[in-house]
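Novice: First the structure, then my questions, so here it is.
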Amino acid sequence: MTESHEPYAGPSYEGWEPTTSVVTEVVAPTPVQALAALLDDGRDVGPGDPLPPLWHWVALPRWAASSVLGADGHPRTGSFLPPVGLPRRMFAGGEVTWHRSPAVGEEVRSESRVVSVTDKTGRSGPLVLVVVESRVLGADGGLCLVERQDILYREAGARSGTAPEPPLGQEPSGPPLRRGPAPEDGWDVVTDPTVLMRFSAATANAHRIHYDWPYATGVEGYPGLVVHGPLMTLLLAESLWQAGELSGPARLQHRNRAPLFCGQPARITHEHHPSGVLSLLSGADGAPRTTLDAHPLEKGTHHA
């Protein structure tokens, strides 16, 4: 590998100012159908149907021009996002207040803006947390959803000198979400490279940690391909839908606590609490990787 990253020299945002991105677009049916095929759970979502919660991550894809991509496959920072000098980008979590579902094929207006940039120091070294807020308005001008996304940047992991060899013979494993025979059994999460590739394509995500084994292991220091944070969160939402727990307006608070790597076994369970239900995706060691806390919204609730 010839790619490298310069050591982080601290924040330098001089000359950068946040701008508001405003896009009028159609809730595209093709990526929605791609996600339905990926999940393969019998749900048919087509033109005119309401978009399931969080499916806007797929239905409103943003393909960046090839000329603006950086070494990691993401658009280079310094335009919409601040010029962060750290190589690892992670979808750390956020919150979606889901008021009403836009329909597949409906024209919507999306407004996005960086609302904060915070420099931190963690156990792994310097961190930068970038918070992006977005609003999606329907064809009638009414509010569909308000979203906060927390994007975390950090230094690359230590490299061992020789990257591990990719596993061979890993065949497509079928649907990534599989419910146990009894409600208390929860759901198994199964991933393979085809699942990650198809989700990357459906979400216009060119981040190389999800499909490029030499880059993920040799440059960013991961032990394997990384399962997308939005994919894990979507699977949590799908488990809530299958359990009848997500059928109306809701506030969805999600957090990615630790990475899950392609092929690692994982399990989803639910925990009820007075204001809603917490869905947890845990690894084979029982430690949570991703959580999604769903709070039903009362009629007339508005985002502050």
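Novice: Using R₀ = 30 Å, calculate the FRET efficiency as 1/(1 + (r/R₀)^6) where r is the Cβ-Cβ separation of Gln242 and Gln170; round to 0.05.
Specialist: E(calc), rounded to 0.05, equals 0.70.
Novice: Separation between the Asp44 and Ala204 pseudo-spin-labels, each 7 Å from Cα along Cα→Cβ, expressed in nm?
Specialist: 2.9 nm
Novice: With a point put 7 Å past each Cα toward its Cβ, work out how far Arg123 is from Arg178 in nm, to one decimal.
Specialist: Going by the 7 Å Cα→Cβ label model, 3.2 nm.
Novice: With a 1.4 Å probe and all protein chains left in place, how much accessible area per residue does the chain have, in Å²?
Specialist: 48 Å²
Novice: Could you give the length gained by full extension between Thr30 and Arg257, i.e. 0.36 nm per residue of separation minus their alpha carbon distance, to one decimal place?
Specialist: In short, 78.6 nm is gained.
Novice: Once the mean 1/r over all distinct Cα pairs of the stretch 26-157 is inverted, what Kirkwood radius in angstroms do you read off?
Specialist: Hydrodynamic radius (Kirkwood, Cα pairs) of the stretch 26-157 is 16.5 Å.
Novice: At 7 Å along Cα-to-Cβ for each site, give me the label-to-label distance between Val23 and Ala71 in nm.
Specialist: 2.7 nm
Novice: What label, among (i) 67, 40, 35; (ii) 52, 48, 37; (iii) 64, 57, 32, belongs to Cα extents along the principal axes in Å computed from the structure on display?
Specialist: After the calculation, the listed value that fits is (ii).
Novice: If you roll a 1.4 angstrom probe over the protein chains with everything in place, what fraction of the accessible area of the chain belongs to carbon and sulfur, to the nearest %?
Specialist: 53 percent
Novice: Rounded to the nearest 0.05, what FRET efficiency is calculated for Asp140 and Arg113 with R0 set to 25 Å and r the Cβ-Cβ distance?
Specialist: Result of the calculation: an efficiency of 0.65.
Novice: Working out 0.36 nm times the residue gap between Thr269 and Val131, then minus their Cα-Cα distance, what length gain in nm do you get to one decimal?
Specialist: Full extension of this stretch gives 46.9 nm more.
Novice: Using only helices, what value at 222 nm comes out for the chain when you add -39,500 (n - 2.57) per DSSP H run of length 4 or more and divide by the total residues, to the nearest 500 deg cm²/dmol?
Specialist: Mean residue ellipticity, 222 nm, calculated: -4000 deg cm²/dmol.
The values are calculated or read from the model by the stated rules, or taken from the named source; none is laboratory data. Just so it is clear, the structure is predicted and the values come from calculations on it, not from any experiment. Here the Cβ is made from the backbone with ideal geometry for all residues, glycine too, and neighbour counts use every protein chain on show. Accessible surface is based on the protein model in full, side chains and every heavy atom, while ligands, DNA and RNA are left aside. Shrake-Rupley method; radii C 1.70, N 1.55, O 1.52, S 1.80 Å.
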